[in-house]
Structure formats: structure tokens, C-alpha cells
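The values are calculated or read from the model by the stated rules, or taken from the named source; none is laboratory data. Remember, predicted model here, so these are calculated numbers, not experimental data. Counting neighbours? That spans all protein chains shown, and the Cβs are built from the backbone with ideal geometry, glycine included. To get the accessible areas, we keep the full protein, side chains included, count just its heavy atoms, and leave off ligands, DNA and RNA. Shrake-Rupley method; radii C 1.70, N 1.55, O 1.52, S 1.80 Å.
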Amino acid sequence: MGVICNPEMVAAVSQAGGFGVLGSAFQNDPEALRRQIEQVQALTERPFGANLTVLNPISAQLAQVILEMGIKAVTTSAGDPTPLVDQLKTHGVMVLHVCPTVDKAVKARAAGVDAVIAEGGESGGIQGVDAVGTMVLVPAVCDAVDIPVVAAGGIGDARGYRAALALGASGVQVGTRFIASVECVAHPTYKEMICQASDTSTFLIKRGGRIRVRVLPTNLAKSLRTDDSGQVGTALGGDAIGKAWIGGDVEAYTLPAGQVSGLVQQVRTVAQIIEEMVKTSA
Ligand SMILES: Cc1cc2nc3c(=O)[nH]c(=O)nc-3n(C[C@H](O)[C@H](O)[C@H](O)COP(=O)(O)O)c2cc1C
């Protein structure tokens, strides 16, 4: 989840029995990624992974650091994973590609990924124009590929987790619910907006080309809701991270979050979130 996915949170997820994934979407310095990996390694001995977005122009250099640091599983997203698959799999690293449609999942399978993450349109952050819901996407992807499928989008509690497994997923990827965690570096105002959200609070805005971003209703986001130009500049990346996501000056920027915000009531520790999610009783 990019910079918002800080080493402390990644380590907490792995410590609690999950598989923490360190983001690198807006990372422009391979050495900074190396230091973040070292930070996670200092906090947990349990396995964790990293995410590479194909859109990042230095993704190949970041992949090299990931290889050097001994990470064994990488999620790839936002583009054709083929070059990264070739680079990573030569060294035995497992690759899971994030797919918003069946078509993309079939292509990722052909590119040689080990698993796909079927990410529905409810999810927070960047996605394509189709916004297929998780409830339809996950079983459709399960039918279309013969490799494990991880469900993402709209999963925030035990009900969502169990539903994902019932749809055929082997596991879940969770974003929004973890932003509203104690360990996440996100500003308290960001966490509070998630906790206060209803089912209809988040919406998709255009970010150029076929890219859409699901966001919370900040003032800027509301003004962009009807803007079709896609010319939103750094309000969605770069500046927004330091000033709004972490800095708390939220209204002049955009805050990615999923529809599942409507189910999130309270900031909790990562361990509490995971324990509640995987509990066996209702
Ligand atoms: C603030 C934010 C940042 C994200 N950054 C990334 C990212 O850098 N790379 C990526 O593959 N997915 C990213 N995601 C998507 C999540 O990894 C996850 O698939 C998604 O949030 C799941 O849907 P949910 O928000 O309903 O849990 C991000 C999501 C959010 C909310």
C-alpha cells in the first residue's frame, strides 16, 4: 500500500499471523526501500513480502533490492507484470499479481505468476474502469485460472473473510481496514474519516487514462468527482502522502479508501483486526 504501509504495520501483520506486504508505489529511491526492509526485518523474524507497481519507472531497480534482501514473495500491480515476473522468478521469488478483471488474471497466469489477487471495485486506491465487484470477480477468476486466487476489496471483518473463502479464494488481501489500525502511520484524521464513513461515502475519481482511484469525500475529492479531465497532478500521489495521508491536511488532497470503510467503526491494533477476522465462530 505504498508509503502508508510503514515497516511497523508490515511487521505487525506478520507477527499476528498474516503476511505483511511492504509497499513501494511512490518509492523513487532503491536504498530507501532497502532501509525499510531492514526495519521490518529488525521487528519480526516472520516472513513478509513487498509490492511492486509496474507503473513505477524504477520497479526493476526496486526488484533488485528485494532480491538482494532475501524477500521470498512479491505482489505486482498496475500493469503488465511480465518483465518483473521474469526478473523475480529466475531467483525463485513467488509472484502474485493484482488483477481487476478475469482477462487480466488469464494474462498474468500466462506470464507465469504463481497466484493472482482478484481485486474488486470496492477496494481502496488505484483500479481500472470496470470496477467489477469482489463477489463476482473472485469466483469468475477462480473458474478461469488454475493457480491460487487471493481475494481483495471489501474485506474488513470475519464475515468478509469467510465469504472470500466461500467464493473460492485461498486467502485475502486487506487494505483499508489496516489503515484504521494503531500501527499504521496514517494521520488520525485519515483513520477517523474511515471510521466515520458510511457505505456510500467513498467514490471513484478519474486519474487519467483508464485509471480510477476510490477515495474518501475530502473537499478536493468532491470537486474532482465530476471532473473528467483526469488532470489531478500530485493531489493523488507525491505531495498527498506527506501532507495529507500522514500530515493530516486532508481536505486539499485525496485519501484512498474502500467501500469497506462503511463497516469500520474503530481504530484497533493489527493483531485485534486479524484475530477478529480469522476467528472461527460468528
Ligand atoms: C491507501 C491505499 C494505498 C494502496 N497502495 C497500494 C499499492 O501501493 N500497491 C498495490 O498493489 N495496492 C495498493 N492498495 C490496494 C491494497 O493493496 C488492497 O488490494 C486494497 O486496499 C483491498 O481493498 P480494501 O481497501 O477494500 O481492503 C492501496 C490501498 C489503499 C487504501
Taking into account only those residues within the range 42-59 that are in a helix (DSSP H, G or I) and in contact with a Ser or Thr (Cβ under 9 Å, 6 or more places away or on another chain), which is surrounded by the fewest Cβ atoms within 10 Å (Cβ to Cβ)? LEU43
Please find, within the range 105-135, the residue that is nearest to ALA221 (Cα to Cα) out of those that are of a type in the set (D, E, K, R) and within 13 Å of the ligand (Cβ to nearest atom). GLU122
Filter pass, GLY168 being in contact with a Ser or Thr (Cβ under 7 Å, 6 or more places away or on another chain), assigned to a loop (DSSP other than H, G, I, E, B) and assigned by TED's automatic domain parsing to the domain that holds GLY124: no
Check the range 64-81 and report whether any residue there is touching a Phe, Trp or Tyr at 6+ places or on another chain (Cβ under 9 Å) and under 26 Å from ASP239 (Cα atoms). no
Out of (1) out of contact with any Ser or Thr (no Cβ under 9 Å at 6 or more places or on another chain); (2) modelled with pLDDT under 95; (3) under 21 Å from GLY133 (Cβ atoms), the one ASP227 does not meet is (3)
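Looking at the range 11-53 only, could you name the residues that are within 15 Å of the ligand (Cβ to nearest atom) and of a type in the set (Ser, Thr, Tyr)?
Taking the range 11-53 as the starting set, the residues that turn out to be within 15 Å of the ligand (Cβ to nearest atom) are 13, 18-28, 32-33, 36, 48-53.
Those that are within 15 Å of the ligand (Cβ to nearest atom) and of a type in the set (Ser, Thr, Tyr): SER24, THR53.
Look at VAL3 and say whether it is touching a Leu at 6+ places or on another chain (Cβ under 6 Å), in a helix (DSSP H, G or I) and buried (at least 17 other Cβ atoms within 10 Å of the Cβ). I'd like the intermediate steps shown before the answer.
Values: touching a Leu at 6+ places or on another chain (Cβ under 6 Å): no; in a helix (DSSP H, G or I): yes; buried (at least 17 other Cβ atoms within 10 Å of the Cβ): yes.
Spelling it out, it is not the case that VAL3 is touching a Leu at 6+ places or on another chain (Cβ under 6 Å), in a helix (DSSP H, G or I) and buried (at least 17 other Cβ atoms within 10 Å of the Cβ).
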Condition (residue is under 28 Å from GLU251 (Cβ atoms), open to solvent by 20 Å² or more (accessible area, probe 1.4 Å) and touching a Lys or Arg at 6+ places or on another chain (Cβ under 6 Å)) applied to the range 174-184: is it met by at least one residue? no
Of the residues in the range 102-128, those that are β-branched (Val, Ile, Thr), open to solvent by 20 Å² or more (accessible area, probe 1.4 Å) and more than 22 Å from GLY262 (Cβ to Cβ) come to VAL102, VAL106
Identify the single condition in (1) surrounded by 17 or more Cβ atoms within 10 Å (Cβ to Cβ); (2) outside any helix (DSSP H, G or I); (3) within 12 Å of the ligand (Cβ to nearest atom) that LEU62 does not satisfy, given that it satisfies every other one. (2)
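In the range 193-206, which residue that is touching a residue at least 12 places away in the same chain (Cβ under 8 Å) and either surrounded by fewer than 22 Cβ atoms within 10 Å (Cβ to Cβ) or in the same structural domain as ALA118 (by TED's automatic domain parsing) (or both) is farthest from the ligand (Cβ to nearest atom)?
By that ranking, first place goes to LYS206.
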Let me spell it out: the conditions are (1) assigned to a loop (DSSP other than H, G, I, E, B); (2) over 12 Å from the mean Cα position of the chain (by Cα); (3) not hydroxyl-bearing (Ser, Thr, Tyr), and GLY154 meets all of them except one. Which number is the exception? (2)
Selection within the range 145-170 - touching a strand residue (DSSP E or B) at 6+ places or on another chain (Cβ under 8 Å) and either charged (D, E, K, R) or surrounded by 19 or more Cβ atoms within 10 Å (Cβ to Cβ) (or both): VAL145, VAL149, VAL150, ALA151, ALA152, GLY153, ILE155, GLY160, TYR161, ALA164, LEU167, ALA169
